[in-house]
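Just so it is clear, none of the values below were taken in a lab; they were calculated from the coordinates. Keep in mind the model is a prediction, meaning the values are calculated, not measured. Counting neighbours? That spans all protein chains shown, and the Cβs are built from the backbone with ideal geometry, glycine included.
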Amino acid sequence: MCRHLAYVGPSVRVGEMLTLGSHSLRTQAWVPRDMRHGGTINADGFGVAWWVAAPDESVTVSRYRNAAPIWTDPAVEEVLPQLESTAVLGAVRSATVGMPVERSACAPFVRDRWAFSHNGVVPDWRRTLTSVAAEFALTAAELGAEELFAPARLLEVESATDAAMLWVLLCDLLATGSPDGEWSAAAAAVRLLVAAILDRTPDARLNLLLSDGTQVWATTCHHSLSALVTDTFAIVSSEPLDDDPRWQAIGDRSVVAARPGALSVDALF
């Protein structure tokens, strides 16, 4: 399917996060170790998002994407290393048969302070995700938020892919918020989305990766995921970037929340 990673910690060079380690994200594009029947190579594009603080202390997300294989793009070593950020989310893509190979189909997908990637596939995704949106729309209407999950919102997808539509749905879930705070709200949003999809399509593969530039949330549903969290930084990645024994493999059907000094791994349901 795909490979992805998210980092939060001290400032790093954006390009170096794509090439970091003996089994970097770039290396995983052409010799992944644990694709689990999701293809053999990730050559259908890549992307990276990073967070930039403005003078007024607001934070925005910048992004670079290319539909070509990551190892063919000189920007990875010539341009992106000139940029620095305290948070990075990167992804390499293996397109599902029938889905377009184009720049707009490449993760990360971004909005406001959020960046998102999906490793997996939603079978019959148009029918499945439209059904999920309709269910969520009923709940939103009961809460007086009719603008969320409206049919017109689905027209905002960047590309005709399951990942792009997942992102539109997840954005609306994030907009509903949570009285328990953002840490819990994001985890609840990815949980709810995964549960609604699996209820309709049990064989969906849904490793979701989300960050707001200070924290990382992820799910495991079929595909691999590992985390390396210390007091100073947190990395969540489809596969370990090196042989550091501190990497922790995340079990299937888990929801992960990570930030420097804190790693939470709970059952999805």
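Considering only DSSP beta bridges whose two residues both sit in the chain, what percent are antiparallel, to the nearest 5? Can you show the working numbers first?
On the way: 56 of 56 bridges.
In the chain, approximately 100 percent of DSSP beta bridges are antiparallel ones.
Please list, ordered by chain and number, the residues whose modelled amide H lies under 5 Å from the amide H of F233; skip anything fewer than 5 residues away on the same chain.
When sequence neighbours closer than 5 places are left aside, the close amide H contacts are G261.
Which value in nm describes the separation of the simple spin-label points at R126 and R111, placed 7 Å from the Cα toward the beta carbon?
Distance between the two pseudo-spin positions: 2.1 nm.
Out of all Cα-Cα pairs in the stretch 1-97, roughly what percent, to the nearest whole number, are more than 17 Å apart? It would help to have the intermediate numbers written out before the result.
Details: 2271 of 4656 pairs.
Every Cα pair in the stretch 1-97 considered, those over 17 Å come to 49 percent.
Could you line up V101, V76 from fewest to most neighbouring Cβ atoms inside 10 Å?
Numbers: V101 14, V76 23.
Taking fewest neighbouring Cβ atoms as first place, the list is V101, V76.
So what are the ³J(HN,Hα) numbers for the stretch 102-108, from phi and the Karplus equation (6.51, -1.76, 1.60; θ = phi - 60°), rounded to whole Hz, Gly and Pro as x?
8, 4, 5, 8, 8, 6, x
Summing Lys, Arg as +1 and Asp, Glu as -1, what charge do residues with Cβ under 14 Å from the Cβ of D34 carry, D34 excluded? Before the final figure, lay out the partial values.
Working: positive: R3, R33, R36, R205; negative: E239, D252.
Neighbour charge sum, excluding D34 itself: +2.
Per 0.36 nm of contour for each residue apart, how much would the distance between A195 and E57 grow if the chain were fully extended, relative to their Cα-Cα spacing?
Details: separation 138, 0.36 × 138 = 49.68 nm, distance 3.60 nm.
Contour length minus Cα-Cα distance gives 46.1 nm.
Would you mind getting the Kirkwood hydrodynamic radius of the stretch 2-267 from its Cα pairs, rounded to one decimal in Å? Spell out each step's value before the answer.
Working: mean 1/r = 0.0545 Å⁻¹.
Computed over the stretch 2-267, the radius equals 18.3 Å.
Report ³J(HN,Hα) in whole Hz for each residue of the stretch 146-152, in order, from the Karplus equation J = 6.51 cos²θ - 1.76 cosθ + 1.60 where θ = phi - 60°; Gly and Pro get x.
4, 6, 7, 6, 5, x, 5
With +1 assigned to the C-beta of every Lys and Arg and -1 to the C-beta of every Asp and Glu, and no other charges, what is the dipole magnitude of the chain about the Cα centre in debye, to the nearest 20?
Charge dipole of the chain: 540 debye, to the nearest 20.
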